[in-house]
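Colleague: Below is the structure I would like to discuss, written out as C-alpha cells.
Computed from the coordinates by the stated procedures, all read-outs in this text should not be read as laboratory data. For clarity, every value in this text was computed on a predicted model and none was experimentally measured. Cβ placement follows ideal geometry from the backbone for every residue including glycine, while neighbour counts extend to all protein chains displayed.
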Amino acid sequence: MALTFRKLNPHFAAEAVGAIALRSVQDRATLDELRAGMDEFAVLVFRDQPFSDAEQLAFAQRFDGTLHAKTGAAVVTRSRLGNEALTDISNLDESGEILESNDRRRMYALGNRLWHTDASFQDPPGRYSMLSARVVPPVAADTEFAGMRAAYDALDEETKVRLEGLRAHHSIAYSRQVLGFDFSQEELENLKGAVHPLVRTNPRTGRRSLYLASHASRIIDWPLPEGRLLLRDLIEHATQPQFVYRHQWRVGDLVIWDNLATMHRGRPFDDTANRRELRRVTTLDMESHAIA
Ligand SMILES: [Fe+2]
C-alpha cells in the first residue's frame, strides 16, 4: 500500500492522506514505507485509527521492535492499565474518575507540559512514541512538537562546533524536581537517569538533530550552571514558532513521533473538569545503543 503524506509544517510533521488501517498493517513493505515517512517528517499524524490497547501494543512491536516499559511513572504509581509498556496519558484514576488537583499522580503528570523527549532518561532511550486518542475533551488540549533537525541546521557554525562531542545527563527526577515534585529516597534510587549525546545522527539519513529535554540535567564535564544555561539556550532556540507544530487531537488520532528528532509538550487545559484519555506506546532505540 502506497502511503502519501501532506506536510503540516515547512520543516517537519505530516498527515497521512487516504485510507489506511494501521492496526491491520502486517507487511514489511508498508512498515518500511512508514519508517521512511518517519525519517522524512519525524512526526506522522493518522486520523481515524480505532486502536484497542492490545492492537496498539502489537502494532508498535511489529513496526519497531522492543517496547519501553520502565517509565518514570512506574516508580511513582502502578499503571491502572495493567501493562507498563502502555503509558496512561490521562487525568483519570483507576476507577475512571478525574484526578483531584492535588493528587500526586496528577502533579507528576504535569511534568509532561515541559518540553521533553520520551524516555531520554533510559539507556537505550525511547525512539518512536505512538499516542492514540481515546477520549478528547471539548476544550483545546493540544500537544506541541518541536523539529530538532531544523533547529540544529539553523545553528551558526561556531555553535555547531562547540556542541560537537558533548553529552548530557537525562533524569526524570530532575525535570520533576524543577516543578517542585518531591521523591522519596527509594524512588530516587530507581531514577538515576542516563547519558546521551547532545547531537544525534539518524543512521539511515545522516541527518543531525539536537537531543534536548527538560530531563537534561547537566552537560557532562561542564560546570553545572554553564551546562544548564547552554541547555536552556538550546531549548529556547529549538522551540521558536517556526520549528513548532501544534496538534489538535480528534478521537481516533494516532500520532507517531521520533523522540530522537523532536521534543514535545502537552498544553494546559482545565484538566480537573474535562476528561482526556490517550494511550502511549514507546519503542526503544536499540540501534544507536548498539553503535554507542
Ligand atoms: Fe511525552
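Colleague: Please go through segment 104-164 and write out the GluC sites (Glu not before Pro) that DSSP classes as loop and that have at most 15 other C-beta atoms within 10 Å. Display every interim value, and only then the final one.
Modeller: Working: sites: Glu144, Glu157, Glu158, Glu164; in loops: Glu164.
Here the GluC sites (Glu not before Pro) that fit, given the DSSP loop and packing criteria, are Glu164.
Colleague: Given contacts defined as C-alpha pairs under 8 Å and at least six residues apart, what's the relative contact order of the chain, whole-number percent? Working shown, then result.
Modeller: Values: 557 pairs, mean separation 96.9, N = 292.
Relative CO of the chain lands at 33 percent.
Colleague: Given the C-alpha atoms of the chain, compute the convex hull and give its volume per residue in Å³.
Modeller: Dividing the Cα hull volume of the chain by its residues yields 129 Å³.
Colleague: Leaving out same-chain residues fewer than 8 places away, which lysines sit with a Cα under 16 Å from that of Lys192?
Modeller: Qualifying lysines at Cα under 16 Å: Lys70.
Colleague: Could you grab the Rg to Rh ratio for segment 222-292? Cα atoms only, Kirkwood for Rh.
Modeller: Rounded to two decimals, Rg/Rh equals 1.04.
Colleague: Further question: For a quick check, take a GNM of the chain with Cα springs below 10 Å and name the residue from Leu198, Leu166, Leu44 with the largest mean-square fluctuation.
Modeller: Leu166
Colleague: Oh, and also: Based solely on its DSSP helices, what 222 nm [θ] is calculated for the chain when runs of n ≥ 4 H residues each add -39,500 (n - 2.57) and the sum is averaged over all residues, nearest 500 deg cm²/dmol?
Modeller: Per the formula, -7500 deg cm²/dmol.
Colleague: Right, next: Can you tell me the dipole magnitude for the chain around its Cα centre, using point charges on the Cβ only (Lys, Arg +1; Asp, Glu -1), in Debye to the nearest 20?
Modeller: About 260 debye.
Colleague: Further, regarding this structure: Could you check the simple spin-label distance between Glu94 and Ala29, using points 7 Å along Cα→Cβ, in nm with one decimal?
Modeller: About 4.8 nm, to one decimal.
Colleague: Along the principal axes of its C-alpha atoms, what lengths does segment 6-121 span, in descending order and rounded to whole Å?
Modeller: Cα spread of segment 6-121 along its principal axes, largest to smallest: 45, 32, 27 Å.
Colleague: Moving on. Running Debye on segment 62-150 with equal point scatterers at the Cα sites and no solvent, what base-10 log of I(q)/I(0) appears at q = 0.16, 0.26 Å⁻¹?
Modeller: Here the Debye-derived log intensity ratios amount to -0.78, -1.74.
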